[in-house]
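The values are calculated or read from the model by the stated rules, or taken from the named source; none is laboratory data. These figures come from a predicted structure and were not determined experimentally. Here the Cβ positions follow ideal geometry from the backbone for every residue, glycine too, while neighbour counts run over all protein chains shown. Note: accessible area is taken over every heavy atom of the protein model, side chains too, but ligands, DNA and RNA are not part of it. Shrake-Rupley method; radii C 1.70, N 1.55, O 1.52, S 1.80 Å.
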Amino acid sequence: MTTYVGFLRAINLGATRKFPKEAIVAATEAAGFSGVATHINTGNVRLETRMRSRARIEAALEQAYRDDRGFEVPTMVYSAAELREIADDADRFAHGHEGKHYVWLVKDEPSASLRAELEGLSTGQERVRLSSRAVHLLLDGGYLDATLLKPIEKRIGVATNRNVTVVRALAQKWC
């Protein structure tokens with residue numbers, strides 16, 4: 001069995017997209033996965049499976065969540081090793097940085113040209129760095145004041161955003 005971590009996008013926003021932790025666990029187990037656990041109520045789920053195809057795992061989870069909730073739940077899945085690498089990259093990228101740090105977990109790995117384009121958006125107050133399937137944004141100011149949020153989100157495709165503290169906690173807890 002291999003451990004994976006899934007990140008669910010756009011849940012628990014408003015009255016119509018509720019997906020409590022207990023329901024995530026039940027739907028994930030109903031899809032045939034074992035060792036299921038969640039971390040805080042923002043759509044982070046650990047699971048174990050013999051499946052090796054990330055695309056098949058994501059498809060199975062998305063179908064199970066759609067069946068359970070009645071709405072689409074885009075899901076990005078990472079192996080434990082991939083998540084550990086993203087957390088390690090976050091530590092390396094943030095060395096000496098004392099501001100805020102957010103991570104977009106993306107479904108598809110950015111091309112070399114997109115990587116260069118995104119990192120080229122960096123300014124003195126907002127720095128963009130990429131690891132394999134993650135886009136890191138380091139901010140000197142507040143999240144809502146960031147000017148790069150929309151340009152990044154417009155270019156990266158299907159993704160979900162987490163504070164680096166959550167990413168590090170999950171890597172430590174589940175990897």
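Summing Cβ point charges (Lys, Arg +1; Asp, Glu -1) relative to the Cα centre of the stretch 1-93 gives a dipole of roughly 160 debye.
A straight line joining the Cα centroids of the stretch 1-27 and the stretch 82-137 runs 24 Å. Is the shape of the stretch 1-104 best called rounded, prolate or oblate, per the rule: a/c under 1.5 gives rounded, else a/b larger than b/c gives prolate, else oblate, with a ≥ b ≥ c the square roots of the Cα gyration tensor eigenvalues? Verdict is oblate for the stretch 1-104. Calculated accessible area for the stretch 29-104 comes out at 48 Å² per residue, all protein chains present (probe 1.4 Å; ligands, DNA, RNA ignored). For the residues D145, D88, D108, a GNM of the chain with alpha-carbon springs under 10 Å puts the largest fluctuation on D145.
Amide hydrogen proximity for H39: with H placed 1.01 Å from N in the peptide plane, the residues at 5 or more positions away or on another chain lying under 5 Å are N44. Mind checking which of C175, S111, T49 is farthest towards the positive end of the chain's charge dipole, using Cβ charges of +1 (Lys, Arg) and -1 (Asp, Glu) about the Cα centre? The Cα lying farthest towards the positive end belongs to T49.
Working note: 222 nm ellipticity from helices only, DSSP H runs with n ≥ 4, each -39,500 (n - 2.57), summed and divided by the residues of the chain, gives -11500 deg cm²/dmol to the nearest 500. Between the entries [x] 17.3, 58; [y] 16.6, 64; [z] 16.0, 48, the label attached to Rg and Dmax of the Cα atoms in Å calculated for this structure is [z]. What longest region of the chain stays clear of GluC sites (Glu not before Pro) that DSSP places outside H, G, I, E and B and that have at most 13 other Cβ atoms within 10 Å? It works out to 99-175. Could you identify which residue out of L138, L61, L13 has the top mean-square fluctuation in a GNM of the chain using Cα springs shorter than 10 Å? Sorting by GNM fluctuation, first place goes to L13.
Charge dipole (Cα centre; +1 on Lys/Arg Cβ, -1 on Asp/Glu Cβ; no other charges) of the stretch 61-175 amounts to roughly 60 debye.
Classify the stretch 81-127 as rounded, prolate or oblate, taking a ≥ b ≥ c as the square roots of the eigenvalues of its Cα gyration tensor: rounded when a/c is under 1.5, otherwise prolate if a/b is larger than b/c and oblate if not. Note, shape of the stretch 81-127 comes out oblate. Mean-square fluctuations from a GNM of the chain, with a 10 angstrom spring cutoff on Cα atoms, peak among A81, A112, A134 at A112.
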